[in-house]
Amino acid sequence: MNVQTRRLTVQNNGIAEAAQLLAKGALVSFPTETVYGLGADARNGAAVAAIYQAKGRPSFNPLIVHLASAVDARTYVEWSDTAEILATAFWPGPLTLVLPLKEDHGLSSLVTAGLDTVALRVPAHPAAQALLATFNGPVAAPSANPSGRISATTADHVMAGLSGRIAAVLDDGPCAVGLESTIVGLAGETPTLLRAGGLPQEAIEAALGTPLATTNGLDITAPGQLSSHYAPAARVRLNATKAQPGEVLLGFGPMTCDLNLSPGADLVEAAANLFDHLHRLDAMACPIAVAPIPDRGLGRAINDRLKRAAAPR
Ligand code: TXA
Ligand code: MG
């Protein structure tokens, strides 16, 4: 597909235009508090197929369905007490729940990649909320980046990766969280952390009163779990305290470097800057060295993304 990708804004009737485009089966990128999503009507098979095509994504990877409210979730999935606890505590917000599909759910089977579960999320970003309420239906949306590349946290990132392949991007500034949602599986015996993300594992465990099970990494139900993912074009070296000749250094905490995720060593600020800083350093076309990041709270999700960015490919 080669189209002129429009840049819509909330101020200029962009919500209504974006909702109309979605209703016509077109692809619209929209901001969430985590990253920009690439949205399509989740009931429209052709529209969902166009997402996979625009991203160049392997078609067996299922997508997250975005909803305006937790009440809507019951239309599509078998709700549970655990789902209720987590939805009450964290929706709207950076949490995705994987739940068993109901019969007659009406979602395109391309969204679920033929699984008997679906990933649901109620985003908190006001523009996402307004778009979902206006569209008044389920919106399938992976992160708005070409498959395997760095996620987009600004409309400029979206345009750099997908311009010409999607109808529009709803530009409402940079994403506050900057990391994809945390994914928790609720379809099995015990709640399971499927992907570390913008909501710290510790917060979820506190709400549940029990630890989350973790996956062994062999069971690839999420492409964020593929070893090479979130990857800049340049080589990435982790736990670096200094740049080697020719490298650019991405810092954390007080240090001399080319770009710093958070000079004050704040993990929330580092998460919000992560993908933007990787995009910027990638544009310099040099190998990237990255300073050590503490492995707690959001640091775990940051380290997960960095490990995948550094994985051999
Ligand atoms: O923050 C986010 O989650 C962003 C914004 C746009 O909402 N979306 C996002 O989507 O990161 P995506 O497609 O890049 O990642 C969705 C993840 C994938 O790793 C996918 O495999 C997993 O969710 N997933 C989707 N449905 C699933 C299911 N039924 N079971 C297990 N994992 C599932
Ligand atoms: Mg992604």
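The values are calculated or read from the model by the stated rules, or taken from the named source; none is laboratory data. Because the structure is a prediction, the values reported are computed rather than measured. Cβ atoms come from the backbone with ideal geometry, glycine included; neighbour counts cover every protein chain shown.
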Across region 179-210, which residue is surrounded by the most Cβ atoms within 10 Å (Cβ to Cβ) among those that are more than 10 Å from ligand 1 (Cβ to nearest atom) and among the small types (Gly, Ala, Ser)?
Ala196
Tell me, please, whether a residue that is in a strand (DSSP E or B) and farther than 15 Å from Pro200 by Cβ can be found in region 264-284.
no
Can you confirm whether region 169-182 contains a residue that is more than 13 Å from ligand 2 (Cβ to nearest atom), part of a strand (DSSP E or B), more than 26 Å from Ser262 (Cβ to Cβ) and in contact with a helix residue (DSSP H, G or I) (Cβ under 6 Å, 6 or more places away or on another chain)?
yes
Are any residues in region 1-15 among the hydrophobic types (A, V, I, L, M, F, W, C) and either modelled with pLDDT under 95 or surrounded by 20 or more Cβ atoms within 10 Å (Cβ to Cβ) (or both), and if so, which ones?
Met1, Val3, Leu8, Ile15
Leading residue by the ranking (farthest from Gly106 (Cα to Cα)) among those in region 138-168 that are touching a Ser or Thr at 6+ places or on another chain (Cβ under 7 Å), near ligand 2 (Cβ under 10 Å from one of its atoms) and among the aliphatic types (A, V, I, L, M):
Ala152
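Here's the yes/no breakdown for (1) over 24 Å from Ala206 (Cα atoms); (2) in contact with a Pro (Cβ under 6 Å, 6 or more places away or on another chain):
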site: Thr34; (1), (2): no, yes
site: Asn61; (1), (2): yes, yes
site: Arg74; (1), (2): yes, no
site: Asp81; (1), (2): no, no
site: Thr88; (1), (2): no, no
site: Lys102; (1), (2): yes, no
Could you tell me which of the residues Ala49, Ala18, Ala23 is closer than 17 Å to Ala144 by Cβ and surrounded by fewer than 20 Cβ atoms within 10 Å (Cβ to Cβ)?
Ala49
Complete set of residues in region 112-128 that are over 15 Å from Ala40 (Cα atoms) and more than 16 Å from ligand 2 (Cβ to nearest atom):
Gly114, Leu115, Asp116, Thr117, Val118, Val122, Ala124, His125, Pro126, Ala127
Within region 26-46, count every residue that is over 20 Å from Phe275 (Cβ atoms), touching a Ser or Thr at 6+ places or on another chain (Cβ under 8 Å) and buried (at least 23 other Cβ atoms within 10 Å of the Cβ).
1
Anything in region 131-169 that is aliphatic (A, V, I, L, M) and closer than 15 Å to Ala70 by Cα? List them, or say none.
Leu132, Ala133, Val139
Looking only at residues that are loosely packed, with under 12 Cβ neighbours inside 10 Å, without any contact (Cβ under 8 Å) to a residue 24 or more places away in the chain and of a type outside the set (Ser, Thr, Tyr) in region 238-265, which one is nearest to Pro287 (Cα to Cα)?
Pro245
Selected residue (criterion: nearest to Thr34 (Cα to Cα)) from residues of region 246-283 that are among the aliphatic types (A, V, I, L, M) and touching a Cys at 6+ places or on another chain (Cβ under 9 Å)
Ala272
